[in-house]
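First the structure, in the form of C-alpha coordinates, and then the observations on it.
The values are calculated or read from the model by the stated rules, or taken from the named source; none is laboratory data. Computed from a prediction, not measured in an experiment: that's the story for all the values here. Here Cβ is always computed from backbone atoms with ideal geometry, including for glycine, and neighbour counts include all displayed protein chains. Ligands, DNA and RNA are excluded from the accessible area calculation, which covers all protein heavy atoms including side chains. Shrake-Rupley method; radii C 1.70, N 1.55, O 1.52, S 1.80 Å.
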Amino acid sequence: MRGTLLANRRGIQRFRQIAITAVKSSNIKLLLFCCIALTLVMAATRASDFMGWTNPSDSLDQFLPPGKGYAIVMNTWKRYDLLKQSISHYSSCPGLESIHIVWSEPNPPSDSLSKFLNHVIESKTKGMKKVELSFDINTEDSLNNRFKEIPGLKTDAVFSIDDDVIFPCSSVEFAFKVWQSAPDAMVGFVPRAHWVDKTLGKNDYYTYGGWWSVWCTGTYSMVLSKAAFFHKKYLRMYTNEMPVSIKAFVTKNRNCEDIAMSFLVANATGAPPIWVKGKIFEIGSTGISSLGGHVERRTRCINRFAAEFGRMPLVPTTAKAVDSRYTWFW
(Lines give C-alpha, C1' and ligand atoms only; values in the text may rest on other atoms or scores of the structure.)
Protein backbone atom coordinates (compact mmCIF):
# COMPACT_ATOMS: atom_id res chain seq x y z
CA MET A 1 0.00 0.00 0.00
CA ARG A 2 2.80 2.37 0.98
CA GLY A 3 4.61 1.46 -2.19
CA THR A 4 1.56 2.34 -4.22
CA LEU A 5 1.20 5.73 -2.46
CA LEU A 6 4.91 6.47 -2.91
CA ALA A 7 4.65 5.63 -6.59
CA ASN A 8 1.62 7.89 -6.91
CA ARG A 9 3.41 10.75 -5.16
CA ARG A 10 6.40 10.35 -7.41
CA GLY A 11 4.12 10.35 -10.41
CA ILE A 12 2.40 13.51 -9.22
CA GLN A 13 5.78 15.22 -8.57
CA ARG A 14 7.00 14.16 -11.98
CA PHE A 15 3.86 15.56 -13.55
CA ARG A 16 4.33 18.84 -11.68
CA GLN A 17 7.94 19.11 -12.86
CA ILE A 18 6.90 18.47 -16.43
CA ALA A 19 4.12 21.06 -16.11
CA ILE A 20 6.47 23.65 -14.57
CA THR A 21 9.05 23.00 -17.26
CA ALA A 22 6.40 23.39 -19.96
CA VAL A 23 5.17 26.66 -18.43
CA LYS A 24 8.72 28.03 -18.15
CA SER A 25 9.42 26.99 -21.72
CA SER A 26 6.27 28.70 -22.96
CA ASN A 27 7.14 31.82 -20.93
CA ILE A 28 10.59 31.91 -22.45
CA LYS A 29 9.13 31.47 -25.92
CA LEU A 30 6.62 34.23 -25.22
CA LEU A 31 9.40 36.51 -23.97
CA LEU A 32 11.50 35.79 -27.06
CA PHE A 33 8.50 36.46 -29.27
CA CYS A 34 7.87 39.80 -27.54
CA CYS A 35 11.53 40.80 -27.90
CA ILE A 36 11.53 39.97 -31.61
CA ALA A 37 8.26 41.82 -32.14
CA LEU A 38 9.59 44.88 -30.26
CA THR A 39 12.77 44.86 -32.34
CA LEU A 40 10.75 44.74 -35.56
CA VAL A 41 8.54 47.62 -34.42
CA MET A 42 11.57 49.74 -33.49
CA ALA A 43 13.24 48.99 -36.83
CA ALA A 44 10.08 49.89 -38.74
CA THR A 45 9.55 53.16 -36.91
CA ARG A 46 13.13 54.24 -37.41
CA ALA A 47 13.62 53.04 -40.97
CA SER A 48 11.99 56.07 -42.55
CA ASP A 49 14.21 58.43 -40.58
CA PHE A 50 17.36 56.53 -41.46
CA MET A 51 16.59 56.08 -45.14
CA GLY A 52 15.05 59.45 -45.88
CA TRP A 53 16.41 61.53 -43.00
CA THR A 54 12.96 62.99 -42.53
CA ASN A 55 9.55 62.19 -41.14
CA PRO A 56 7.39 65.32 -41.29
CA SER A 57 4.33 63.56 -39.89
CA ASP A 58 6.12 63.25 -36.54
CA SER A 59 5.89 67.02 -36.02
CA LEU A 60 3.00 68.36 -34.00
CA ASP A 61 3.32 71.75 -35.66
CA GLN A 62 3.44 71.07 -39.37
CA PHE A 63 1.74 74.36 -40.16
CA LEU A 64 3.10 76.96 -37.78
CA PRO A 65 1.89 80.58 -38.00
CA PRO A 66 4.25 82.84 -39.99
CA GLY A 67 7.25 83.88 -37.92
CA LYS A 68 6.74 81.07 -35.40
CA GLY A 69 9.02 78.59 -37.13
CA TYR A 70 12.78 78.83 -37.54
CA ALA A 71 15.35 80.07 -40.02
CA ILE A 72 18.37 78.05 -41.10
CA VAL A 73 21.67 79.90 -41.29
CA MET A 74 24.04 77.63 -43.19
CA ASN A 75 27.76 78.20 -43.42
CA THR A 76 29.41 76.95 -46.62
CA TRP A 77 32.67 77.22 -48.55
CA LYS A 78 33.19 75.88 -52.08
CA ARG A 79 31.41 72.58 -51.47
CA TYR A 80 28.50 72.90 -53.83
CA ASP A 81 27.56 69.21 -53.87
CA LEU A 82 27.30 69.21 -50.07
CA LEU A 83 25.36 72.47 -50.15
CA LYS A 84 22.85 71.04 -52.63
CA GLN A 85 22.44 67.88 -50.59
CA SER A 86 21.90 69.77 -47.34
CA ILE A 87 19.41 72.27 -48.79
CA SER A 88 17.51 69.44 -50.45
CA HIS A 89 17.18 67.64 -47.13
CA TYR A 90 16.29 70.51 -44.82
CA SER A 91 13.79 72.05 -47.25
CA SER A 92 11.22 69.43 -46.28
CA CYS A 93 11.46 70.05 -42.52
CA PRO A 94 8.02 71.26 -41.33
CA GLY A 95 9.06 74.19 -39.11
CA LEU A 96 11.45 75.77 -41.62
CA GLU A 97 10.54 79.23 -42.89
CA SER A 98 13.71 80.54 -44.52
CA ILE A 99 17.24 79.52 -45.46
CA HIS A 100 20.14 81.97 -45.35
CA ILE A 101 23.39 80.78 -46.93
CA VAL A 102 26.45 82.52 -45.50
CA TRP A 103 28.53 83.22 -48.61
CA SER A 104 32.12 84.44 -48.13
CA GLU A 105 33.69 83.28 -51.37
CA PRO A 106 35.46 85.75 -53.73
CA ASN A 107 32.92 85.15 -56.50
CA PRO A 108 29.14 85.45 -56.07
CA PRO A 109 26.98 82.32 -56.36
CA SER A 110 26.38 81.30 -59.97
CA ASP A 111 22.96 81.59 -61.59
CA SER A 112 22.89 77.83 -62.13
CA LEU A 113 23.45 77.19 -58.41
CA SER A 114 20.74 79.65 -57.42
CA LYS A 115 18.26 78.17 -59.90
CA PHE A 116 19.01 74.63 -58.78
CA LEU A 117 18.52 75.42 -55.08
CA ASN A 118 15.31 77.35 -55.69
CA HIS A 119 13.97 74.50 -57.82
CA VAL A 120 14.80 71.99 -55.09
CA ILE A 121 13.02 74.05 -52.46
CA GLU A 122 9.93 74.47 -54.63
CA SER A 123 9.76 70.75 -55.37
CA LYS A 124 10.24 69.81 -51.72
CA THR A 125 7.62 72.21 -50.37
CA LYS A 126 4.73 71.66 -52.80
CA GLY A 127 1.44 72.08 -50.99
CA MET A 128 3.22 73.60 -48.01
CA LYS A 129 4.19 77.13 -47.08
CA LYS A 130 6.86 78.80 -49.21
CA VAL A 131 10.40 78.62 -47.86
CA GLU A 132 12.50 81.68 -48.67
CA LEU A 133 16.10 81.28 -49.85
CA SER A 134 18.75 83.99 -49.73
CA PHE A 135 22.51 84.28 -50.09
CA ASP A 136 24.05 86.54 -47.47
CA ILE A 137 27.03 87.87 -49.45
CA ASN A 138 30.14 88.92 -47.52
CA THR A 139 33.13 90.73 -48.98
CA GLU A 140 35.47 89.55 -46.20
CA ASP A 141 36.34 85.89 -45.73
CA SER A 142 35.84 85.44 -41.99
CA LEU A 143 34.19 82.84 -39.78
CA ASN A 144 32.52 85.74 -37.97
CA ASN A 145 30.25 86.10 -41.01
CA ARG A 146 28.09 83.19 -39.87
CA PHE A 147 26.92 85.30 -36.93
CA LYS A 148 26.26 88.57 -38.71
CA GLU A 149 22.91 90.14 -37.98
CA ILE A 150 20.33 89.37 -40.71
CA PRO A 151 18.13 92.40 -41.45
CA GLY A 152 14.41 91.61 -41.63
CA LEU A 153 14.72 88.11 -40.20
CA LYS A 154 11.12 87.07 -39.50
CA THR A 155 11.69 84.23 -37.04
CA ASP A 156 13.09 84.45 -33.53
CA ALA A 157 14.63 80.99 -33.78
CA VAL A 158 17.83 80.47 -35.74
CA PHE A 159 19.16 77.01 -36.55
CA SER A 160 22.88 77.40 -37.25
CA ILE A 161 24.18 74.48 -39.28
CA ASP A 162 27.24 73.58 -41.37
CA ASP A 163 26.79 72.33 -44.92
CA ASP A 164 28.43 68.97 -44.20
CA VAL A 165 26.18 67.61 -41.43
CA ILE A 166 22.69 66.18 -41.75
CA PHE A 167 20.15 65.57 -38.99
CA PRO A 168 16.76 63.93 -39.51
CA CYS A 169 13.93 66.46 -39.68
CA SER A 170 12.31 64.76 -36.69
CA SER A 171 15.45 65.50 -34.61
CA VAL A 172 15.54 69.11 -35.79
CA GLU A 173 11.86 69.60 -34.95
CA PHE A 174 12.39 68.10 -31.49
CA ALA A 175 15.37 70.39 -30.84
CA PHE A 176 13.21 73.33 -31.96
CA LYS A 177 10.58 72.38 -29.36
CA VAL A 178 13.27 72.17 -26.69
CA TRP A 179 14.48 75.63 -27.70
CA GLN A 180 10.91 76.97 -27.48
CA SER A 181 10.87 75.91 -23.84
CA ALA A 182 14.13 77.82 -23.18
CA PRO A 183 14.47 80.49 -25.92
CA ASP A 184 17.41 82.27 -24.28
CA ALA A 185 19.56 79.14 -24.28
CA MET A 186 21.68 77.56 -26.98
CA VAL A 187 20.17 74.18 -27.85
CA GLY A 188 22.27 71.87 -29.96
CA PHE A 189 23.43 68.42 -30.95
CA VAL A 190 27.22 68.66 -30.58
CA PRO A 191 28.41 69.15 -26.97
CA ARG A 192 31.88 70.11 -25.84
CA ALA A 193 33.47 70.78 -22.46
CA HIS A 194 36.05 72.80 -20.61
CA TRP A 195 37.69 72.32 -17.23
CA VAL A 196 40.28 73.94 -15.00
CA ASP A 197 43.76 72.58 -15.71
CA LYS A 198 45.52 72.55 -12.33
CA THR A 199 48.66 70.85 -13.63
CA LEU A 200 50.16 74.29 -14.17
CA GLY A 201 49.42 75.32 -10.58
CA LYS A 202 46.76 77.83 -11.63
CA ASN A 203 43.04 78.09 -10.99
CA ASP A 204 42.32 80.24 -14.03
CA TYR A 205 43.80 78.15 -16.84
CA TYR A 206 41.33 76.06 -18.82
CA THR A 207 41.54 73.09 -21.17
CA TYR A 208 39.20 72.36 -24.06
CA GLY A 209 37.50 68.99 -24.01
CA GLY A 210 36.31 67.28 -27.19
CA TRP A 211 33.61 64.67 -27.65
CA TRP A 212 35.45 61.91 -25.75
CA SER A 213 35.65 64.15 -22.68
CA VAL A 214 31.88 64.57 -22.79
CA TRP A 215 31.37 60.86 -23.40
CA CYS A 216 33.54 59.87 -20.43
CA THR A 217 32.22 62.38 -17.89
CA GLY A 218 28.69 63.15 -19.09
CA THR A 219 29.47 66.83 -18.51
CA TYR A 220 29.55 69.63 -21.08
CA SER A 221 29.55 73.44 -21.12
CA MET A 222 29.10 74.26 -24.81
CA VAL A 223 27.06 73.13 -27.80
CA LEU A 224 28.76 73.91 -31.08
CA SER A 225 27.09 76.21 -33.58
CA LYS A 226 27.67 73.67 -36.36
CA ALA A 227 24.23 72.37 -35.29
CA ALA A 228 22.44 74.54 -32.74
CA PHE A 229 19.35 76.68 -32.16
CA PHE A 230 19.58 80.13 -30.59
CA HIS A 231 17.60 83.38 -30.54
CA LYS A 232 18.21 85.85 -33.36
CA LYS A 233 19.11 88.53 -30.79
CA TYR A 234 22.48 86.84 -30.38
CA LEU A 235 23.30 87.63 -34.01
CA ARG A 236 22.81 91.30 -33.20
CA MET A 237 24.85 90.97 -30.00
CA TYR A 238 27.67 89.13 -31.77
CA THR A 239 27.74 91.76 -34.53
CA ASN A 240 27.58 94.82 -32.27
CA GLU A 241 28.74 93.80 -28.79
CA MET A 242 31.33 91.05 -29.22
CA PRO A 243 34.77 92.50 -28.37
CA VAL A 244 36.56 93.52 -31.54
CA SER A 245 39.71 91.79 -30.37
CA ILE A 246 37.88 88.44 -30.21
CA LYS A 247 36.45 88.82 -33.71
CA ALA A 248 39.90 89.78 -35.00
CA PHE A 249 41.36 86.69 -33.32
CA VAL A 250 38.72 84.47 -34.96
CA THR A 251 39.39 85.96 -38.40
CA LYS A 252 43.16 85.62 -38.07
CA ASN A 253 43.15 82.05 -36.73
CA ARG A 254 40.15 80.78 -38.75
CA ASN A 255 38.84 78.97 -35.70
CA CYS A 256 36.77 79.25 -32.51
CA GLU A 257 33.84 81.40 -33.67
CA ASP A 258 31.58 78.72 -32.16
CA ILE A 259 33.35 79.01 -28.80
CA ALA A 260 33.01 82.79 -28.99
CA MET A 261 29.23 82.45 -29.51
CA SER A 262 29.01 80.04 -26.57
CA PHE A 263 30.83 82.60 -24.40
CA LEU A 264 28.46 85.34 -25.57
CA VAL A 265 25.27 83.40 -24.75
CA ALA A 266 26.56 82.07 -21.42
CA ASN A 267 27.69 85.55 -20.41
CA ALA A 268 24.23 86.95 -21.20
CA THR A 269 22.22 84.19 -19.50
CA GLY A 270 24.43 82.86 -16.71
CA ALA A 271 23.04 79.44 -17.64
CA PRO A 272 24.31 76.34 -19.44
CA PRO A 273 23.31 75.25 -22.95
CA ILE A 274 21.06 72.26 -23.64
CA TRP A 275 22.36 69.15 -25.38
CA VAL A 276 19.77 67.34 -27.51
CA LYS A 277 20.22 63.73 -28.51
CA GLY A 278 20.22 63.30 -32.28
CA LYS A 279 21.69 61.06 -34.95
CA ILE A 280 24.27 62.92 -37.03
CA PHE A 281 25.25 62.06 -40.61
CA GLU A 282 28.65 63.47 -41.59
CA ILE A 283 28.58 63.96 -45.36
CA GLY A 284 31.84 65.92 -45.59
CA SER A 285 35.30 64.35 -45.59
CA THR A 286 37.46 66.95 -43.86
CA GLY A 287 37.17 69.92 -41.55
CA ILE A 288 39.10 72.14 -39.17
CA SER A 289 38.77 69.59 -36.36
CA SER A 290 40.65 66.99 -38.44
CA LEU A 291 43.83 69.08 -38.45
CA GLY A 292 46.65 68.36 -36.04
CA GLY A 293 46.83 70.45 -32.86
CA HIS A 294 43.09 71.11 -32.88
CA VAL A 295 42.60 70.72 -29.11
CA GLU A 296 45.61 72.92 -28.35
CA ARG A 297 44.26 75.70 -30.58
CA ARG A 298 40.82 75.47 -28.99
CA THR A 299 42.39 75.55 -25.53
CA ARG A 300 44.20 78.73 -26.49
CA CYS A 301 40.89 80.23 -27.67
CA ILE A 302 39.12 79.45 -24.40
CA ASN A 303 41.81 81.09 -22.29
CA ARG A 304 42.03 84.10 -24.62
CA PHE A 305 38.25 84.64 -24.54
CA ALA A 306 38.06 84.18 -20.75
CA ALA A 307 40.68 86.90 -20.38
CA GLU A 308 38.77 89.21 -22.73
CA PHE A 309 35.48 88.65 -20.86
CA GLY A 310 37.24 89.10 -17.54
CA ARG A 311 35.86 85.79 -16.23
CA MET A 312 34.81 82.29 -17.28
CA PRO A 313 31.11 82.51 -18.23
CA LEU A 314 30.68 78.89 -19.42
CA VAL A 315 28.48 76.84 -17.08
CA PRO A 316 28.95 73.04 -16.96
CA THR A 317 25.89 70.79 -16.88
CA THR A 318 24.93 67.13 -17.20
CA ALA A 319 21.38 67.58 -18.53
CA LYS A 320 20.42 66.01 -21.86
CA ALA A 321 17.14 66.33 -23.78
CA VAL A 322 15.87 63.05 -25.22
CA ASP A 323 12.76 62.46 -27.32
CA SER A 324 11.00 59.79 -25.27
CA ARG A 325 8.78 58.81 -28.20
CA TYR A 326 11.73 57.09 -29.84
CA THR A 327 13.73 56.01 -26.79
CA TRP A 328 12.77 52.55 -25.62
CA PHE A 329 15.52 51.98 -23.08
CA TRP A 330 16.61 54.72 -20.67
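Okay, here's what the table says:
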item: Any hit, the range 161-173, residues being touching a Phe, Trp or Tyr at 6+ places or on another chain (Cβ under 9 Å), within 21 Å of residue 267 (Cα to Cα) and of a type in the set (Val, Ile, Thr); result: no
item: Exclusive hit being touching a helix residue (DSSP H, G or I) at 6+ places or on another chain (Cβ under 6 Å) and at pLDDT 95 or above, set 87, 161, 99; result: 87
item: Test: residue 154 is touching a Pro at 6+ places or on another chain (Cβ under 8 Å) and among the basic types (Lys, Arg); result: yes
item: Residue within the range 144-157 that is at pLDDT 95 or above and within 23 Å of residue 279 (Cα to Cα) present; result: yes
item: Meets criteria (under 18 Å from residue 145 (Cβ atoms), of a type in the set (Ser, Thr, Tyr) and surrounded by 16 or more Cβ atoms within 10 Å (Cβ to Cβ)) for residue 104; result: yes
item: Single condition residue 278 does not satisfy, out of (1) modelled with pLDDT of 95 or more; (2) surrounded by 14 or more Cβ atoms within 10 Å (Cβ to Cβ); (3) under 19 Å from the mean Cα position of the chain (by Cα); (4) small (Gly, Ala, Ser); result: (1)
item: Given (1) under 17 Å from residue 71 (Cβ atoms); (2) surrounded by 20 or more Cβ atoms within 10 Å (Cβ to Cβ), index of the condition residue 239 fails; result: (2)
item: Cβ pairs under 9 Å, 6+ apart, first in the range 142-159 and closer than 10 Å to residue 239 by Cβ, second aliphatic (A, V, I, L, M) and in a loop (DSSP other than H, G, I, E, B); result: 144/242; 147/242
item: Residue check for residue 249: of a type in the set (Phe, Trp, Tyr), modelled with pLDDT of 95 or more and either open to solvent by 70 Å² or more (accessible area, probe 1.4 Å) or over 22 Å from residue 160 (Cα atoms) (or both); result: no
item: Residue match in the range 252-264 (condition: open to solvent by 70 Å² or more (accessible area, probe 1.4 Å) and of a type outside the set (A, V, I, L, M)); result: yes
item: Selection status of residue 118, without any contact (Cβ under 8 Å) to a residue 40 or more places away in the chain, open to solvent by 20 Å² or more (accessible area, probe 1.4 Å) and over 16 Å from the mean Cα position of the chain (by Cα); result: yes
item: Residues of the range 128-139 that turn out to be part of a loop (DSSP other than H, G, I, E, B) and open to solvent by 80 Å² or more (accessible area, probe 1.4 Å), as a count; result: 2
item: Among the residues listed as 233, 226, the single one being more than 22 Å from residue 282 (Cα to Cα) and basic (Lys, Arg); result: 233
item: Among (1) under 24 Å from the mean Cα position of the chain (by Cα); (2) at pLDDT 95 or above; (3) among the aliphatic types (A, V, I, L, M), the one test that residue 244 misses; result: (1)
item: Pair list, Cβ < 7 Å and 6+ apart or interchain, from the range 247-262 residues that are within 19 Å of residue 209 (Cα to Cα) and part of a loop (DSSP other than H, G, I, E, B) to residues that are modelled with pLDDT of 95 or more and not hydrophobic (A, V, I, L, M, F, W, C); result: 255/297; 256/298
item: Residue list for the range 281-295, restricted to those being in contact with a Gly (Cβ under 9 Å, 6 or more places away or on another chain) and modelled with pLDDT under 90; result: 289, 294
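Residue by residue, here is whether (1) over 18 Å from residue 261 (Cα atoms); (2) outside any helix (DSSP H, G or I); (3) open to solvent by 50 Å² or more (accessible area, probe 1.4 Å) holds:
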residue	(1), (2), (3)
185	no, yes, no
193	no, yes, no
199	yes, no, yes
203	yes, yes, yes
207	no, yes, no
216	yes, no, yes
225	no, yes, no
228	no, yes, no
